[in-house]
Amino acid sequence: MVVNPMLVLGLGIMFVSIFLLVYTLGLSRLDVTRRLTISAIFMLASSVFMILHSVRASSLALIVAILLMLSAYFTVSWDIFRSLSTSRNISGETKGGVFLVRDLKKLEGTLVLFSRAGYKVLMVTRAPPGKLNVEKHVWISRVEGGVSPTDLHRILNIVLEFLAKNKKTIVIIDCMDYLLMYNSFRSVARFLFTLKDYVLLSSGILILYANEGLLGEKEFNVLKREFPTTDPEDIVRRFLPVGMFGMIEGIEGGGG
């Protein structure tokens, strides 16, 4: 029995591309995963043309298959290169950082990727307990079981305890507007600037969700001087090298 190598190669690429499609569809809708999904579609199409070439010996099908494979290769390779080049310093260690983001939905989508990479997440939020899959849920509320929005010192102590117990940490605050309902902007800003220093000393990541509509333009500009505005996708690229098939590489398990 004669085995057609082109047919075997086409079937193999088809299997890999289907696996990649299924995997990426389960990830958050970030820019990096969208590109990997597009790459998987290219690979799947090229496998179909390879199989057609092996059956009909069509030179056109082979040319199209090669072009599609090159497209898939460069799509993934560029993503890997940019992730690796922006996420680590010369010593190879990932450092912490502080960020201000405007898109809450995208921010929540990054939690899955960071959790898979071994990061421990603390979230200061108005969302009731049980709504978020994070290691530490600090519910800001005036009812029993919550932490009062006026008790900024207690919130700070909870975060400091979390930083002391875990190595790879992310602190997210998505209730700035609620804190400002019960505190002056000066008090909240002092709290955030102190928190920023502690998080950076522990090489953690601090992410604030805010925009001009929530805070006012003047207050927002004050925060921007201490917390650079960015997109959640850029935070992912900086701290999580994304390898072939969307797998997160080079990340050691955190916690402790």
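The values are calculated or read from the model by the stated rules, or taken from the named source; none is laboratory data. All values reported here derive from a predicted model rather than from experimental measurement. We place every Cβ from the backbone using ideal geometry, glycine too, and count neighbours over all the protein chains shown.
Please tell me if LEU206 is closer than 11 Å to PHE99 by Cβ, at pLDDT 90 or above and crowded, with 16+ Cβ neighbours inside 10 Å.
Yes.
Which residue, of ILE170, ILE155, is buried (at least 16 other Cβ atoms within 10 Å of the Cβ), modelled with pLDDT of 85 or more and part of a strand (DSSP E or B)?
Sole residue among the options that is buried (at least 16 other Cβ atoms within 10 Å of the Cβ), modelled with pLDDT of 85 or more and part of a strand (DSSP E or B): ILE170.
Look through region 126-152, keep the residues that are at pLDDT 90 or above and among the β-branched types (Val, Ile, Thr), and return whichever of them is surrounded by the fewest Cβ atoms within 10 Å (Cβ to Cβ).
Selected residue: VAL143.
For ILE140, state whether it is free of Cβ contacts under 8 Å to residues at least 60 places away in the same chain, of a type in the set (Val, Ile, Thr) and on the phi < 0 side of the Ramachandran plot.
Spelling it out, ILE140 is indeed free of Cβ contacts under 8 Å to residues at least 60 places away in the same chain, of a type in the set (Val, Ile, Thr) and on the phi < 0 side of the Ramachandran plot.
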